[in-house]
Amino acid sequence: MGMVAELRGLYDEALEWTREALRIFEELGNHAGMAHAYGQLGIMARTRGANEQALEWTRKALQIFEVLGNRNCQVDEQHRRSPD
């Protein structure tokens, strides 16, 4: 729902949905879901010009992907945070 809201330009709503998803993933102990939610929060922060916050969220995603041994997502997250 967060991604749909973001695509529709509803950034505050997208942020709420993504934070709720993160809360649920944390409650369930779903580390892959947490990493993806952190990555999405990083994308949204970067889109809004909050580069420091974007970097923080992306680093959290990368740390989890590294622990999970998910190299594909690590590369994807590193690509997302690199300057355009």
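If I go through the range 4-20 residue by residue, how many of them are farther than 16 Å from Trp57 by Cα and either in a helix (DSSP H, G or I) or within 14 Å of the chain's Cα centre (by Cα) (or both)?
As a first pass, look at the range 4-20 and keep what is farther than 16 Å from Trp57 by Cα: 4-13.
Now drop any that are not either in a helix (DSSP H, G or I) or within 14 Å of the chain's Cα centre (by Cα) (or both), which leaves 4-7, 11-13.
Count: 7.
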Pairs where the first residue, in the range 42-59, is under 16 Å from Tyr11 (Cα atoms) and the second is aromatic (Phe, Trp, Tyr), C-beta under 8 Å, 6+ apart: Gly42/Trp57; Met44/Tyr11; Ala45/Trp57; Thr47/Tyr11; Arg48/Tyr11
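In the range 21-41, how many are without any contact (Cβ under 8 Å) to a residue 12 or more places away in the chain and either more than 18 Å from Arg59 (Cα to Cα) or not acidic (Asp, Glu) (or both)? I'd like the intermediate steps shown before the answer.
If we filter the range 21-41 for residues that are without any contact (Cβ under 8 Å) to a residue 12 or more places away in the chain, which is where we start, we get 23-24, 26-30.
Restricting the remaining residues to those that are either more than 18 Å from Arg59 (Cα to Cα) or not acidic (Asp, Glu) (or both) gives 23-24, 27-30.
Selection size over the range 21-41: 6.
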Total residues in the range 4-35, condition closer than 20 Å to Ile64 by Cβ and touching a helix residue (DSSP H, G or I) at 6+ places or on another chain (Cβ under 7 Å): 12
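Readers should treat all values here as calculations from the given coordinates under stated rules, not as data from a laboratory. A quick note: this is a predicted structure, and the numbers were derived from the prediction, not measured. In this analysis, Cβ positions are derived from the backbone assuming ideal geometry, glycine residues included, and neighbour counts consider all displayed protein chains.
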